[in-house]
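Below is one structure, written out as structure tokens, with a few remarks after it.
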Ligand code: GLN
């Protein structure tokens, strides 16, 4: 991760709101703007405010909310934080993701402690004050020139009103410099052959009703905005012509920073905030990565075996890690999601034999487990490069126990608490926990790598730190049996002796990890496990050391 000295005396606050429709890509626009400011030498962080009442997305089904992203400090957060880290190559933390649940919890806790001194506790000012406090927390660290705060949801939603009100109030605070970017949609109507600005006008009106005039409008569109359209948006929405930024559909999210640079989004922001800047912008390595993505020299097909195949967001960080690894190998990685419930020993060959690599995904619960085990058996027996992540690693241990060592019906106690061979078992400290939210083994833990192992070579060092999210683990009672049979524990947590990584000795590429490498892959630092997995899938022999 790289760090720079911040240049400005005080943090500037940039708010990103969304209108017209959800899923327009506020997270990517925020991350792209942050990337451009970073490339100009400023220090930037991004924060996501989520208007739902859950404390965090940790207890939500991926169908509700996509992947749950985990930070170094063990926060279970919105997947947009993954984009922020992947674009900026800096770590985020709990402070970067705030939910309505967390805001209310903190206000209610204060009320119980008597901190409101007998006052009636109300949405305004107490909830809005708490929101503003959470926003300023990052700015007040003194580490950042810019704090970009993305407000989840769409303007006009009842639940996001207190956030918009907090933004309105901050704009009037004397000692704060801030700016509002509103992301809208300019739809193309096929029947009339026209781009339509009315939804944007309405959306800005909704913001105005809440007392907020946006400074910049970023307009998502599938066709280029003409001068006339830009003028019209500017005129009706009270912004200058340069403040109407086109955000045309891009092939890859990694093109968006370059598109935003062409539209001068960063320059308009800097001018509006009256921040001096030079003409220099260092995007060389980003451009290099984006060129490699566009001009691959090879292609591999990877099967992602998991439970949530219809939903791209469910394994977001895994998919992005493959993009980074693909870029660094100049290889087009085609990722196909295969439903583990559909796989069995009879059809596994037909379903998986066309792939150059198999990844078995993280997950919880019984559904689809036997399919994952069939996929792993196939990879192990046929020398297909295999990467198992968290539950994927646990399934690899179960498979090896059953089919190689001869532990009949070996299982994880998560699925079969009565198994004779509990090769995966609940962690000691998890046994008494009954509360669901935020109680797993979460966040970054150290791991010592065994010298001479393949993983040691991939990382190129003896000690690593990776992020976790689990309650079960390899059962060390069986360690000797596994080692003897050729499945080696090659990564061990130094404090508790937990097995974090397994490898099969006489397999071309078979790695299982208890942690989530996908949370740490960035454009600037593609993850060594993904890089070498793709490399193995391409069929290359030599290893890339991190
Ligand atoms: N369900 C498993 C556990 O809790 C694996 C979790 C995961 O894959 N993230 O240990």
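FYI, it's all coordinate maths here, none of it is from the lab. Everything quoted here is computed from the prediction, not taken from an experiment. Neighbour counts are summed over all protein chains in view; Cβ atoms, including those assigned to glycine, are modelled from backbone coordinates with ideal geometry.
What the table shows:
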{"item": "More than 35 Å apart - percent of Cα-Cα pairs taken over the chain", "result": "40 percent"}
{"item": "Principal-axis tilt of helix 128-139 within the chain, Cα atoms, nearest 10 degrees", "result": "70 degrees"}
{"item": "Cα principal axis extents for region 119-261, largest first, Å", "result": "58, 32, 25"}
{"item": "Kirkwood hydrodynamic radius over Cα pairs of region 334-455, then Stokes diffusion coefficient at 10 °C and 1.306 mPa s, in µm²/s", "result": "100 µm²/s"}
{"item": "Share of pairwise Cα separations in region 204-245, more than 14 Å, in percent", "result": "45 percent"}
{"item": "Cα long-axis angle, helix 284-294 against the chain (0 to 90 degrees, to the nearest 10)", "result": "60 degrees"}
{"item": "For region 1-62 and region 442-459, distance of Cα centres in Å", "result": "31 Å"}
{"item": "Evaluated at q = 0.21 Å⁻¹: base-10 log I(q)/I(0), Debye formula over Cα of region 394-546", "result": "-1.42"}
{"item": "Helical mean residue ellipticity (222 nm; -39500 (n - 2.57) per DSSP H run of 4+; nearest 500) of the chain", "result": "-9500 deg cm²/dmol"}
{"item": "Base-10 log of normalised Debye intensity for region 60-109 (one unit scatterer per alpha-carbon) at q = 0.13, 0.14, 0.18 Å⁻¹", "result": "-0.34, -0.39, -0.61"}
{"item": "Alpha-carbon centroid distance for the pair region 324-377 / region 282-308, whole angstrom", "result": "19 Å"}
{"item": "Rounded to 5, the percent of DSSP beta bridges in region 179-266 classed as antiparallel", "result": "15 percent"}
{"item": "DSSP bridge orientation in the chain - percent antiparallel, rounded to nearest 5", "result": "30 percent"}
{"item": "Degrees separating the helix 26-39 axis from the principal Cα axis of the chain, which is the longest one", "result": "80 degrees"}
{"item": "Least to most buried among 518, 414, 310, 173 (fewest other Cβ within 10 Å first)", "result": "310, 173, 414, 518"}
{"item": "Sorted by Cβ density within 10 Å, fewest first, the residues 171, 40, 471", "result": "471, 171, 40"}
{"item": "Contact order relative to length of region 385-513, as percent, for alpha carbon pairs under 8 angstrom and 6 or more apart", "result": "28 percent"}
{"item": "Normalised contact order of region 349-450, rounded percent, pairs of Cα under 8 Å and 6 or more residues apart", "result": "19 percent"}
{"item": "Cα-based equivalent ellipsoid, region 263-396: semi-axes from gyration tensor eigenvalues, Å", "result": "40, 18, 11"}
{"item": "Volume per residue of the C-alpha convex hull in region 32-146, rounded to whole Å³", "result": "118 Å³"}
{"item": "Ranked 503, 242, 159, criterion: other C-beta atoms within 10 Å, fewest first", "result": "159, 242, 503"}
{"item": "Region 64-123 - percent relative contact order, Cα under 8 Å, separation 6 or more", "result": "23 percent"}
